[in-house]
Amino acid sequence: MAYETLLYEVQNGIATITLNRPDVLNAFNEQMFRELQDVLRAVERDEAVRVAIVTGAGRGFCAGQDLAEMQARYERPEETMSIGEHLRSRYNPLILRIRNTEKPFIAAINGVAAGAGCSLALACDLRVMAETASFVFNAFAKIALIPDSGSTWFLPHLAGYARAFEAATLIDRLDASRALAWGLVNAVVPPDQVMPTAQEWAARLRELPARAVGFLKRALNRALTFTLEQSLDYEAYLQEMAARTPDHRERVEAFLRRRG
Ligand code: T3D
């Protein structure tokens, strides 16, 4: 299927989703929500897809909500939904789909990420960032909103409360080196190495047993809100299922064969 606001391709088990509205730094509009939901469903359902990469076309990763479209909504309030409804029906399902699918997502942050564009990056399981890229969390504050689409949750979990508060208020451009130091990204590389690095990670993830990676993702996500007791119990539950996969037995046998 051809999309207008994004590019989607699957090669050797790796899906690449490129947000493609470069003139507005890949800001989200209504069409992009529809198309993104569609490709996220495709990633989830297509058994050939093992890993997904999200990136942006041009010099930006994603500038968050398209402000021209937001303004247009305000000009015809009788026809459109409230901002709360907009978040619940557009952004939140995207974020939850990325977090809840068992397939790993990698954000290849090629350029600036602002507002909900930051949230999209933080929802992914791994992030590689260009050394020239930056996060603009205070884009929300600058238009008198609060961080949304998960940023009030992701930021303190990844960077701690004080840094989350600082990022959301005082920092105009959180550069790549600070993002790395704060644990917001896994690696910072020269701009021309962003996609190759994401692809290399994706290729390595693709070689791991898919169910085990999926169970890991579920366990780590739950651990963020669980007690130790709950995590121990959930690990035991998921491990039962992991141990029943053919991959587990085969890999144990293969290990022993190599030794024997
Ligand atoms: O609707 C709801 O449900 C609520 C959800 C809210 C979620 C949110 O994301 S709220 C936050 C929305 N995003 C922003 O406020 C970011 C606005 N953009 C910026 O602050 C800056 O553009 C950046 C810091 C991201 C980058 O700055 P810079 O100097 O590198 O680029 P620029 O010149 O400002 O932008 C380049 C073009 O992109 C420019 O268009 P032009 O002049 O070349 O024709 C600019 O207008 C356009 N652009 C950038 N961001 C947006 C945008 N157009 C529409 N919406 C944008 N968000």
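Per residue, the convex hull around the alpha carbon atoms of segment 132-184 comes to 68 Å³.
Helical content alone sets the calculated 222 nm signal of the chain at -15000 deg cm²/dmol, taking -39,500 (n - 2.57) per DSSP H segment of four or more residues and averaging over every residue. The largest-to-smallest principal axis extents of the Cα set in segment 173-247 are 42, 31, 12 Å.
The fraction of all Cα pairs in segment 1-72 landing in successive 10 Å bins from 0 to the largest distance is 21, 49, 24, 5, 0, given as whole percents.
Based on the inverse mean of 1/r over its pairs of different Cα atoms, what is the Kirkwood hydrodynamic radius of segment 94-162, in Å?
12.5
Mind checking the per residue accessible area of the chain for me, 1.4 Å probe, whole number of Å²? Don't skip to the end; give the middle numbers.
On the way: 13650 Å² over 260 residues.
On a per-residue basis, the chain sits at 52 Å².
Protein heavy-atom surface of the chain, 1.4 angstrom probe: 54% of the accessible area is carbon and sulfur, with nucleic acids and ligands not counted.
A simple rule links phi to the HN-Hα coupling: the Karplus curve 6.51 cos²θ - 1.76 cosθ + 1.60 with θ = phi - 60°, which for segment 156-165 gives x, 5, 7, 10, x, 4, 5, 5, 4, 5 Hz, with x for Gly and Pro.
Counting only C-alpha contacts under 8 Å and six or more residues apart, can you give the relative contact order of the chain as a whole percent? Could you put the intermediate results ahead of the total?
Working: 431 pairs, mean separation 43.0, N = 260.
This gives 17 percent for the chain.
Computed over segment 204-260, the percent of Cα pairs more than 15 Å apart is 56. Quarter the surface of the alpha carbon convex hull of the chain and you get the mean projected area, 16.0 square nanometres. Using a Debye calculation, one point per C-alpha and no hydration shell, please list log10 I(q)/I(0) for segment 40-116 at q = 0.15, 0.27 Å⁻¹ in order. The Debye formula, applied to the Cα set alone, gives -0.69, -1.23. Which value, in nm² and rounded to one decimal, describes the direction-averaged projected area of the C-alpha convex hull of segment 27-176? Taking a quarter of the hull surface, the average projection is 9.0 nm².
The values are calculated or read from the model by the stated rules, or taken from the named source; none is laboratory data. Since this is a predicted model, take the numbers as computed values, not measurements. Heavy atoms of the whole protein, side chains included, go into the accessibility calculation; ligands, DNA and RNA do not. Shrake-Rupley method; radii C 1.70, N 1.55, O 1.52, S 1.80 Å.
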